[in-house]
Amino acid sequence: MHPIAASALRNRIAAAGVALTIASSVVFLFLIGLELLGLLHSPYADLLVFVLVPAFLVLGLVLIPIGLWQGRHTAAPAGVGGPALVFVAAATLVAVALMSFASYGAVEYSESQQFCGQSCHVMEPQFVAHRSGSHASVPCISCHIEPGAQSFVRAKLNGTRQLALVVTHRYPTPIPSPPTTAMPNVHTSCEQCHWPDRFIGDVIKVVHEYADDEKNTETKTVLRMHVGGPISGTGNGMGIHWHMNRGNRVEYLALDPQLEQIPYIRVSTRDGRTTEYVAKGAGEQNFSGKALRPMVCIDCHNRPAHRFGSSPERAVDAALGAGQMSTEIPFVRRESVRALKATYAGPGIAATEIDKSMRAALEPRLGSAPPRALRDAIAVTQDLYRTNVFPAMKIGWGTYTNQTGHVTTPGCFRCHDGEHTSRDGRTISQECESCHTIE
């Protein structure tokens with residue numbers, strides 16, 4: 001036997017380490033080849049390539065010195081010491097090079113949407129909502145991890161804790177919204193795209209609502225939203241986005257994780273004045289000595305990239321208003337809502353039962369409406385259920401509240417309720433036309 005081989009094999013632990021290192025390296029290179037050729041499509045493929053196989057490679061590297069140390073008192077064959085050392089050093093260098101590549105790939109993979117939304121099955125609802133929203137092309141880390149090494153390390157440590165919760169099945173259901181755990185820095189996330197000094201002005205919004213009658217009678221409300229914005233370099237501004245004026249500072253105290261119970265608000269303006277507003281019936285003991293939260297984008301836009309429907313009625317109305325479902329089908333609004341409100345044993349069964357119930361109710365009434373219109377209505381209803389209801393994670397209609405507006409949640413009225421009063425008698429107005437007018 002060659003002296004180098006004899007040296008490597010004379011200790012079982014070291015021999016196992018060498019074998020494991022070589023085998024892992026070969027498998028890693030083979031999988032990398034498949035990855036570069038685009039032949040690996042599973043969301044778990046990169047987990048195998050960049051995490052599992054390199055883990056065995058590391059294990060092999062660790063076993064080699066352990067075996068050599070254990071067999072340090074065993075006499076080595078003559079002439080083996082030098083070549084064996086060269087062999088181990090060369091193997092280590094190759095393995096370290098592979099591990100460096102694997103580490104880079106692991107970091108890239110751990111920051112991908114595949115990893116966040118598909119490999120981690122408990123995040124499936126957030127992944128589905130993100131994929132169907134306006135931020136679908138924005139990577140998860142752009143909003144959830146701030147720039148810099150410190151934020152990177154903190155995110156990875158937090159991810160390790162979350163992984164432990166998933167493995168031990170101790171994760172909460174549903175997964176709580178960010179305000180209950182941490183507040184992202186909007187200056188390094190939202191404001192990279194949504195510049196706060198931009199003046200938008202008025203925006204037209206059309207709200208469609210439909211009745212449960214045979215004709216699906218439509219009610220259309222046209223709102224002129226006074227989005228407005230700050231006037232850059234001043235403490236002035238107008239409309240809803242006045243709140244984001246950098247010349248002013250709005251701070252508040254919330255008593256609950258959902259940020260809905262707000263007894264105290266402090267507004268500091270550019271001219272140095274500070275006004276404090278206290279909710280009716282709130283005693284100073286409710287907020288004295290407690291930390292204030294600065295008002296930022298996500299206090300109103302709290303579901304910017306992971307929106308879920310507040311109710312079946314509003315979801316179906318939006319689909320009808322967008323022309324995704326035909327109002328020519330008698331009672332289509334009523335039956336779609338009814339199908340979405342039902343309880344099903346699982347997603348697959350839900351799709352089947354929605355199809356069955358809507359066909360039974362609507363096919364006899366189709367009249368002049370084409371059969372394709374019914375198929376489309378059923379498909380849209382199935383999709384609304386699939387993207388908004390996740391029984392395994394205890395997510396249903398209205399589970400995640402959206403504070404933009406004030407129809408289904410307190411929203412604006414958390415502060416603009418007419419009951420937050422300053423010491424000089426001023427109140428935070430509840431005047432509707434401050435934010436919108438009806439056309």
Looking at the range 39-48, is at least one residue of a type in the set (G, A, S), surrounded by 13 or more Cβ atoms within 10 Å (Cβ to Cβ) and modelled with pLDDT of 70 or more? no
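Here's the yes/no breakdown for (1) touching a strand residue (DSSP E or B) at 6+ places or on another chain (Cβ under 7 Å); (2) part of a strand (DSSP E or B):
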| position | (1), (2) |
| --- | --- |
| V222 | yes, yes |
| D256 | no, no |
| I262 | yes, no |
| I265 | yes, yes |
Scan of the range 424-439 for residues that are modelled with pLDDT under 90 and in contact with an Asp or Glu (Cβ under 8 Å, 6 or more places away or on another chain), ordered by number: Q430
Hey, can you tell me all the residues within the range 316-326 that are in a loop (DSSP other than H, G, I, E, B) and crowded, with 18+ Cβ neighbours inside 10 Å? M325
Return the pair list, or none, for Cβ contacts closer than 9 Å from residues in the range 158-173 that are in the same structural domain as I145 (by TED's automatic domain parsing) and surrounded by 13 or more Cβ atoms within 10 Å (Cβ to Cβ) to residues that are part of a helix (DSSP H, G or I) and hydroxyl-bearing (S, T, Y), at least 6 apart or on different chains. G159/S110
Restricting the search to the range 270-315, which residues are part of a strand (DSSP E or B) and among the hydrophobic types (A, V, I, L, M, F, W, C)? V278, A279
Among (1) at pLDDT 70 or above; (2) surrounded by 14 or more Cβ atoms within 10 Å (Cβ to Cβ), A76 falls short only on (1)
Take the residues of the range 323-377 that are at pLDDT 95 or above and among the acidic types (D, E): which is nearest to S311 (Cα to Cα)? E335
Name the single residue that is surrounded by the most Cβ atoms within 10 Å (Cβ to Cβ) among those in the range 225-280 being without any contact (Cβ under 8 Å) to a residue 60 or more places away in the chain and of a type in the set (F, W, Y). Y264
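The values are calculated or read from the model by the stated rules, or taken from the named source; none is laboratory data. The model shown is predicted, which means the values in this text are computed figures rather than measured ones. Positions of Cβ are generated from backbone atoms using ideal geometry, with glycine treated the same way; all protein chains shown enter the neighbour counts.
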